[in-house]
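Undergrad: Let me begin by handing over the structure; questions about it come next.
The values are calculated or read from the model by the stated rules, or taken from the named source; none is laboratory data. Source: prediction; values computed, not measured. We place every Cβ from the backbone using ideal geometry, glycine too, and count neighbours over all the protein chains shown. Just the protein is used for accessible areas: all its heavy atoms, side chains included, with ligands, DNA and RNA removed. Shrake-Rupley method; radii C 1.70, N 1.55, O 1.52, S 1.80 Å.
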Amino acid sequence: MIHPDRKHLVRTREMLAREMGMAMGAFRNKKPYAQPGFPAPISSAGARTLLWDGGQTAAFLVGEPVPDLPPDDDPSMLLDRQEAAAELGVTARTWDGYATDPRIASEAVDVQGVDHWPRGVVRAFRDGRPGKAAGSGRPKGSADAVPRGELRDRVAVLLDADPGITIAGVQEATGSAYATVQRVLAELRADRIGAVMKANPALSFEQAANRLGYPPAVHRGVRTVMEQGSASNQGASNH
């Protein structure tokens, strides 16, 4: 995580290599950042892009004491995707879907090409999500958090990020009613399975569904949607 006041000090591997006067190939091979005492990355464990605090690395490279970073309990601290996911108790792939929500997307901060979000924004999103009671459907007459016209696109992004996402998971991300989410998820999966089967006629329904990463538990509902769509198209062609 990164203190917003130190965003300008953030360094990537490429920047460190230049500051150390090393070619990038040599930097990758020697991994000077792995030597004892070198400041730890400020990016999360397993992050796609490693980042360091330039104030710390500069001090280390000239043999000076490495300064401590500011306390990390500030709500303005910038979190990367893995840290934001951990804050919510979800997977990084699920966070990727949440990050498309306007409440999150509008607050993204680019730090050396890596999206970060203020901890306070992540927590506000967490606290604003539907509670467990939403699993059985929202009260009659209540409005969906995501307008119906936008819901399909939003669910498509969530499905891209996590093919096995559940109805409850989509509800948490969108605030939409159970029955609505169930229908949209099944329709999207049906459309995508149909496209795979059309492109690969030798594949069975199950093979296409498995190729897309859809869990067996959803196959029956998706197959029903596909069969209903096929029957509707057949009926229309007979008139």
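Undergrad: Give me Rg over Rh for region 1-71, both radii from the alpha carbons and Rh done the Kirkwood way, two decimal places.
TA: 0.94
Undergrad: Aspartates and glutamates within cross-link reach of Lys7: Cα-Cα under 19 Å, excluding same-chain residues under 8 positions apart?
TA: Output for Lys7: Glu19, Asp53, Asp68, Asp72, Asp73, Asp74, Asp80, Glu83, Glu107, Asp110, Asp115.
Undergrad: While we're on this one: When N counts the residues of region 40-131, how does its alpha-carbon radius of gyration compare numerically with 2.2 N^0.38 Å, as a ratio?
TA: In units of the 2.2 N^0.38 Å rule of thumb, it is 1.21.
Undergrad: Please give the contour-minus-distance gain from Val196 to Thr49: 0.36 nm per residue of separation, less the Cα-Cα distance, rounded to one decimal in nm.
TA: Net length gain for the segment: 49.6 nm.
Undergrad: Sort 172-180, 207-215 by the packing proxy (mean of other Cβ within 10 Å over each peptide's residues), most packed first.
TA: Per-residue mean Cβ counts within 10 Å order the peptides as 172-180, 207-215.
Undergrad: Once the Cα atoms of helix 148-161 and of the chain are each reduced to a long axis, what angle between those two axes, in degrees from 0 to 90 to the nearest 10, is obtained?
TA: Taking Cα atoms only, the helix is inclined about 60 degrees.
Undergrad: Debye sum, Cα scatterers, the chain, no solvent: what log₁₀ I/I(0) at q = 0.09 1/Å?
TA: Log10 of I(q)/I(0), two decimals: -0.55.
Undergrad: While we're looking at this one, here's another question. What are the ³J(HN,Hα) couplings of region 117-126, residue after residue, when phi is run through the Karplus curve with 6.51, -1.76, 1.60 and θ = phi - 60°? Round to Hz, x for glycine and proline.
TA: 9, x, 4, x, 5, 4, 5, 5, 5, 4
Undergrad: Now for a different question. Determine the gain in length on full extension of the stretch Gln112-Glu14; use 0.36 nm per residue of separation and subtract their C-alpha separation, reporting nm with one decimal.
TA: Here the segment from Gln112 to Glu14 would lengthen by 34.2 nm.
Undergrad: If the chain between Leu61 and Leu212 were fully stretched, how many nm would it gain, using 0.36 nm times the residue separation less the Cα-Cα distance?
TA: Answer, rounded to one decimal: 49.6 nm.
Undergrad: If you don't mind, another one. Taking only protein heavy atoms and a 1.4 Å probe, what accessible area per residue, in Å², does region 20-64 have with all protein chains in place?
TA: Heavy-atom SASA per residue in region 20-64 reads 55 Å².
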